[in-house]
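The values are calculated or read from the model by the stated rules, or taken from the named source; none is laboratory data. What you are looking at is a predicted structure, and each value in this text was computed from that prediction instead of being measured. Every residue, glycine as well, gets a Cβ built from its backbone with ideal geometry; the counts of neighbours run over all protein chains shown.
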Amino acid sequence: MPPILLHLLAAALYAGLAVVFWRTRWRGPLLDRPVRGIVPWERALLLVALVLHGATLGGEIFPDAEMRFGFSLALSLIMWLAIAFYWIESLYARMDGLQMFGLPLAAVCVLLPPLFPEQHMVVNAGSTIFRAHFLMAMLAYSLFTLAALHAVLMAVAESNLHRGRLTPLLSGLPPLLTMEALLFRMIHIAFALLTLTLASGILFSEDLFGKPLSFTHKTVFAIVSWLIFVALLAGRHLRGWRGRTALRWTLAGFVALLLAYVGSRFVLEVILGRTA
């Protein structure tokens, strides 16, 4: 099957499921018939979309014996991991609502690599240290993406509850305190991965990138993001931050982290037309 068809099929499945969730969970006053969590056929179709999406990523990140990467592949991989985390986590916890934000984004991101095919070749891709660094970075990005989507869902739910506007989706969500506990569980894990990513990048810069550590835009934004999440977790444990305060800090940290790699690569590859 041509690679472009895999992209289109995965995007169609993501978009189609998003429409299904919109029509059955979000829209309408069906409070007397709330829909339960994700049902088996929806879960199966989402798994098919993930498999197709993963196949496109494997073929484009590792086209031959080398490794290629760039902003479009980064966004596609981050969303693939985030949706995969959602699929697994939804087996154990109610995460309804994230589909409405995550699936449309995944449908867009799976189409980005064909639209922006220029990727740069990754040096030292065969190094064990690099592979561990790369894996931790992508896992941290994806968990923070899921946390940011979760924060947006919480903000929407809180706003609608205050207005007394309940939809089938909102009526079936766990209590906000339970959602908040899940949010901080994701943030704690993602923060640990981000800390390990930064530490490995600083300690093994020459092994990873072939040059000493330099304070580029990527490094600065990554450190800024790490400091924001330090402040958030400290505020949570020492001052009991919650609600909108916690949500604002979560989104601010995520935006800084997104700018660290994706933003810098977007400027290089799209605006400046460079791959290195």
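Here are a few things to note about the model shown:
- Filtering the range 60-101 to residues that are among the acidic types (Asp, Glu), surrounded by fewer than 19 Cβ atoms within 10 Å (Cβ to Cβ) and outside any loop (DSSP other than H, G, I, E, B) leaves only Glu89.
- Subset of the range 235-263 (residues that are within 16 Å of Ser225 (Cβ to Cβ), without any contact (Cβ under 8 Å) to a residue 40 or more places away in the chain, surrounded by fewer than 19 Cβ atoms within 10 Å (Cβ to Cβ) and not charged (D, E, K, R)): Gly235, Ala252, Val255
- Residue within the range 84-98 that is among the small types (Gly, Ala, Ser) and at pLDDT 90 or above present: yes
- Scan of the range 52-76 for residues that are hydrophobic (A, V, I, L, M, F, W, C), farther than 16 Å from Ala148 by Cβ and in contact (Cβ under 8 Å) with a residue 12 or more places away in the chain, ordered by number: Leu52, Ala55, Leu57, Ile61, Met67, Phe69, Phe71, Leu73
- Filtering the range 245-264 to residues that are at pLDDT 85 or above and more than 14 Å from the chain's Cα centre (by Cα) leaves Thr245, Ala246, Leu247, Arg248, Trp249, Ala252.
- Residues satisfying the stated conditions in the range 122-141, i.e. over 17 Å from Phe184 (Cβ atoms) and either touching a residue at least 60 places away in the same chain (Cβ under 8 Å) or touching a Leu at 6+ places or on another chain (Cβ under 7 Å) (or both): Val123, Asn124, Ser127, Ile129, Phe130, Ala132, His133, Met136, Ala137, Met138, Leu139, Tyr141
- Residue count for the range 105-130, restricted to those that are among the hydroxyl-bearing types (Ser, Thr, Tyr) and assigned to a loop (DSSP other than H, G, I, E, B): 1.
- Residues that are aliphatic (A, V, I, L, M) and within 15 Å of the chain's Cα centre (by Cα) occur at least once in the range 119-136.
- Of the residues making up the range 123-137, those that are modelled with pLDDT of 75 or more, in contact with a helix residue (DSSP H, G or I) (Cβ under 8 Å, 6 or more places away or on another chain) and surrounded by fewer than 19 Cβ atoms within 10 Å (Cβ to Cβ) are Ser127, Ile129, Ala132.
- Residue match in the range 157-169 (condition: of a type outside the set (Gly, Ala, Ser), closer than 26 Å to Ser225 by Cα and at pLDDT 80 or above): no
- Test: Leu105 is of a type in the set (A, V, I, L, M, F, W, C) and touching a Ser or Thr at 6+ places or on another chain (Cβ under 6 Å): no
- Failed item in (1) modelled with pLDDT of 85 or more; (2) over 20 Å from Leu112 (Cβ atoms), with Gly37 passing the rest: (1)
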